[in-house]
Each structure stands twice: as C-alpha cells, then as structure tokens.
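*Asks:* Take a look at this one; I'll ask things after.
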Amino acid sequence: MADTPQQRAADIRLLVLDVDGVLTDGRLYFSPQGEEMKVFHVRDGAGIVQVLRAGIAVAVISGRDSRAVERRMSELGVSWVRQGVSDKLAALREILDILGLGPQAVACIGDDTPDLPLLANARLGVAVADAHPSVRDKAHFVTRLPGGQGAVREVCDLLLAALGTPKP
C-alpha cells in the first residue's frame, strides 16, 4: 500500500518552493519602466513562517531572478534562495548536501514541467491545483487552491498537522 500524503508529510524537514505559479499566480507584471513586480499571498507567508518555527527548513528554487523574491523571502526568514537556476535538481542536491538531508526529508511544490525532477526526487511531491497536467499526474498530493492563492499555506498546514502542531 502506498503512503498517504499525510504519512509522507511526517518525514519532511525541508520544504522546497517554486516561485512563478506556486508562490505567485504565474502571471508576470511589469511596470511602465520595465521593472518586474510579483504578488504574494499573505497566508502563504504566514504558513512559511509557521513551518520555519516548527523546525522545517524552507528553500526557494526558481528559474527566474527577481528582487521581489529576495525581499519577500528575507521578510519571511527564508535563507535558502536559489534564483536563475537552469538545473533545479542540482540546486536541490546542493542544499541537501549542506543541510545533511536526503530526498526522503523533502517536500517540493511545483506547477510546471521544470519542477518535475524536484517532485520525482522528493518524499512528498506537491502540485498546485492549476499546475500543468503532467505535474498533477506525478504529484503525491494536489492542492485544492491554485498557485499564488493559498496553495503554499495548504501544504504548510499539512506539514504542521503531520508534526502534531496545531493550526493557529
């Protein structure tokens, strides 16, 4: 019998997040001056802070570079931020080596095909509700909410429940 997402969540010590389509709704916004802007959901941020406080490390691995991501992750206390990454799996392996963890301790949330190697190498692979069908098909868990609209908080709540940490 395959492990349930709740059983898999009990083993997690590192939560890995994509940005565009996971922490945001996937749309790209540019100011008239060409500056990129991103919209983050406050509940996702609250969930990230709660899992950090519960002892689960959080990392961001993104194919794009964004000052907005640096700022938001700094506000939340996320120190593992890798942007402009062409090989997301290599970035994950680097972080795991530094933290002394294996893939059995990892949950990854993704939305599109560049995230598939991360999900395939994680104990808990998660797709947001509006992820590409190929990602939803490979995920252990699919959120009810879409990316950028509380999906990350949903996963944070799952991890906290698996640890026996009550939701606030």
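*Asks:* Could you check, for region 22-38, whether at least one of its residues is exposed (fewer than 15 other Cβ atoms within 10 Å of the Cβ), in a helix (DSSP H, G or I) and not charged (D, E, K, R)?
*Replies:* Scanning region 22-38 turns up no residue that is exposed (fewer than 15 other Cβ atoms within 10 Å of the Cβ), in a helix (DSSP H, G or I) and not charged (D, E, K, R).
*Asks:* Let me ask something else. Hey, among the residues in region 4-20 that are touching a His at 6+ places or on another chain (Cβ under 9 Å) and touching a residue at least 24 places away in the same chain (Cβ under 8 Å), which one's surrounded by the most Cβ atoms within 10 Å (Cβ to Cβ)?
*Replies:* Top of the filtered list is Arg8.
*Asks:* Among the residues of region 47-74, which ones are outside any strand (DSSP E or B), within 23 Å of Thr113 (Cα to Cα) and touching a Leu at 6+ places or on another chain (Cβ under 9 Å)?
*Replies:* Matches in region 47-74: Ser62, Arg64, Val69.
*Asks:* Do the conditions hold for Asp44, that is, is it in a helix (DSSP H, G or I) and touching a Gly at 6+ places or on another chain (Cβ under 8 Å)?
*Replies:* When the stated conditions are applied, Asp44 passes them.
*Asks:* Now, a different point. Six or more apart or on different chains, Cβ under 9 Å: which pairs go from a residue in region 69-89 that's closer than 21 Å to Leu28 by Cβ to one that's among the hydroxyl-bearing types (Ser, Thr, Tyr) and assigned to a helix (DSSP H, G or I)? Could you list them?
*Replies:* Val81/Ser74
*Asks:* Taking into account only those residues within region 95-114 that are surrounded by fewer than 18 Cβ atoms within 10 Å (Cβ to Cβ) and of a type in the set (Gly, Ala, Ser), which is farthest from the chain's Cα centre (by Cα)?
*Replies:* Gly100
*Asks:* Consider Leu119 against the criteria (1) within 14 Å of the chain's Cα centre (by Cα); (2) in a loop (DSSP other than H, G, I, E, B): it satisfies all of them except one. Which criterion is unmet?
*Replies:* With (1) within 14 Å of the chain's Cα centre (by Cα); (2) in a loop (DSSP other than H, G, I, E, B) applied to Leu119, the lone miss is (2).
Read-outs throughout are calculated quantities, based only on the coordinates presented, and are distinct from any laboratory measurement. None of the values given here were measured: they were computed from a predicted structure. Note that we place each Cβ from the backbone using ideal geometry, even for glycine, and neighbour counts take in every protein chain shown.
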